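Let me begin by presenting the structure, written as structure tokens, before commenting on it.
Read the figures in this text as sums done on the coordinates, not as results from a lab. Source: prediction; values computed, not measured. Backbone-built Cβ (ideal geometry, glycine too); neighbour counts: all protein chains shown.
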Amino acid sequence: MTGWFISITLLLCLIAIHFLWRKKYQSLKLKYTDQQPKTNRLVKALGMTEMFANMPEGILVTNAKGKIDFANPAFCSMFELTDDPCGKTIMEAIRIHQANELIERLEKENSVTNEEFMLPNLKQQYLQANGVAIREKNGKHRGAILVFHDLTRIKLLENHRQEFVANVSHELRTPLSIIKGYVETLLDAETDKESTSHRFLKKIENHSNRLTFLIEDILTLSRLESGGIALEENYVNIHNLTESVFESLKEMAEKKGVCLKNKIPNDIVMLADHRRMFQALNNLIENGIKYGGECVCVSAEKNEKEIDLCVEDDGPGIPPESCERIFERFYRIDKARSREMGGTGLGLSIVKHVTQLHAGTARVESTPGNGARFHLIFPISEKENSHIN
Ligand code: ADP
């Protein structure tokens with residue numbers, strides 16, 4: 001009887017343990033399927049595994065914990081991975097801080113675009129990454145999808161192009177300065193200012209000067225584009241900077257009967273490279289004198305976030321279709337007029353690059369017949385704000 005009772009009790013215990021374990025197992029299963037491979041399942045469910053597998057771009061899918069749920073073969077070969085990275089964090093799998101930062105940013109932001117970085121390998125590989133966050137309907141972060149493009153070839157070609165332009169311009173400088181030297185000597189020796197040879201020599205001098213300006217502008221632009229110019233930043237008073245540009249263009253303005261107005265308040269300072277800013281402002285004011293009307297006015301407005309520097313003229317202005325393209329290299333509204341004025345077609349392109357080097361943007365507003373207003377907008381950093389206030 002006792003044996004019978006013990007057997008029944010044991011059986012009941014076993015049944016209870018079975019149900020308890022089943023319940024625990026179910027909740028673990030639910031937790032596991034809910035959190036971990038959902039994105040992976042999403043990729044599979046949408047039938048995208050094969051599509052992603054054949055894409056030349058590297059695709060990476062991470063989950064809410066920042067662990068890799070899916071990585072296509074292109075991603076693995078880009079980052080030279082031999083093991084399957086699934087289940088690892090970015091830092092465990094590829095140890096690239098920039099990629100890790102993107103995953104972290106996508107926890108707060110909805111997308112990241114055109115982020116470029118160089119891989120720390122001997123191949124000097126450049127990658128561009130675009131990514132979107134995966135969120136639930138209630139906004140809860142589920143993970144992220146990142147797409148990596150290999151920009152190495154494009155960057156290499158771009159470097160070759162810039163190097164070629166810089167070398168050619170540099171090589172042209174020497175023979176040109178020799179030509180100019182001889183022309184000046186001949187002009188000095190020529191006593192008859194009305195003679196044909198004097199006229200011809202003057203023409204050679206003019207065109208040599210134009211060529212010199214063009215080469216200087218091409219060199220400046222290629223340095224600005226290649227990032228070969230390190231900014232020497234100091235606190236620059238832009239009222240005083242404008243005064244010095246006016247001083248250098250005074251003769252030209254007087255010849256054309258153009259008045260120059262400086263409406264910039266005396267107390268606006270910005271952290272900038274004086275030489276580069278002088279160049280940008282000089283190009284804009286010179287254009288105002290060349291292509292504008294009777295007056296060129298420079299003004300500036302400042303708030304907590306930015307400084308808006310504006311060069312305005314009252315000339316014929318710029319047609320709307322040209323406003324879009326005016327900052328492109330060699331873009332001119334009237335080619336013949338620009339050449340006649342001695343322009344190189346690179347002035348505004350230099351303005352744009354100098355502004356971008358200062359983290360700013362350049363744009364133009366114009367109503368034909370009503371002059372042109374060029375705005376250079378520079379963000380103010382916290383460091384600047386604390387210095388100024
Ligand atoms: P350029 O050396 O020919 O002056 P820029 O890059 O400085 O080259 O200017 C490009 C073109 O934009 C000029 O050729 C001119 O047609 C036009 N432009 C520039 N500034 C003005 C302005 N203030 N008013 C009207 N047109 C302008």
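So if each residue of separation counts as 0.36 nm, and I subtract the Cα-Cα distance between residue 365 and residue 190, what length gain in nm does that give? Extending this stretch completely gives an extra 58.1 nm. Think of each Lys and Arg Cβ as +1 and each Asp and Glu Cβ as -1; about the Cα centre, that makes the dipole of the range 246-366 roughly 460 debye.
Taking a Cβ cut-off of under 12 Å around residue 325, the surrounding Lys, Arg, Asp and Glu residues balance to a net charge of 0, with basic ones at +1 and acidic ones at -1. A dipole drawn for the range 223-310 from +1 and -1 charges on Cβ atoms has a positive end, and of 246, 258, 270 the residue lying farthest that way is 258.
Gain in length, residue 54 to residue 251, computed as 0.36 nm per residue apart minus the alpha-carbon separation, to one decimal in nm?
Gain on extension, residue 54 to residue 251, equals 64.4 nm.
Net charge near residue 92: determine it from the other residues with C-beta under 11 Å of the C-beta of residue 92, scoring Lys and Arg +1 and Asp and Glu -1. That works out to +2. In the chain, a dipole from Cβ-located charges (positive for Lys and Arg, negative for Asp and Glu) runs towards its positive end, and of 345, 298, 96 it is 96 whose Cα lies farthest in that direction. Candidate cross-link partners of residue 255 among the aspartates and glutamates, defined by an alpha-carbon separation under 14 Å and a same-chain spacing of 8 or more, comprise 247, 286, 294.
Let me check against my output: what whole-number percent is the relative contact order of the chain, with C-alpha pairs under 8 Å and at least 6 apart? Computed value for the chain: 9 percent relative contact order.
Compute and list, largest first, the equivalent-ellipsoid semi-axes of the chain from the alpha carbon gyration tensor, each √(5λ) rounded to a whole angstrom.
In descending order the semi-axes read 67, 26, 17 Å.
Fully extending the segment from residue 266 to residue 233, taken as 0.36 nm per residue of separation minus the present Cα-Cα distance, adds 9.9 nm.
For the cross-link pairs 203/263; 305/335; 88/305; 155/263; 155/352, the ones whose C-alpha atoms lie over 31 Å apart are 203/263; 305/335; 88/305; 155/263.
Bridges between two residues of the chain, per DSSP, are antiparallel at a rate of about 95%.
Comparing 366, 316, 134 along the charge dipole axis of the chain, the residue lying farthest to the positive side is 134, per the Cβ-charge model.
Its Cα centre serving as origin, the chain has a Cβ charge dipole (Lys and Arg +1, Asp and Glu -1) of approximately 2040 debye. Once the Cβ-Cβ distance of residue 77 and residue 156 is raised to the sixth power relative to R0 = 22 Å, the FRET efficiency obtained is 0.75.
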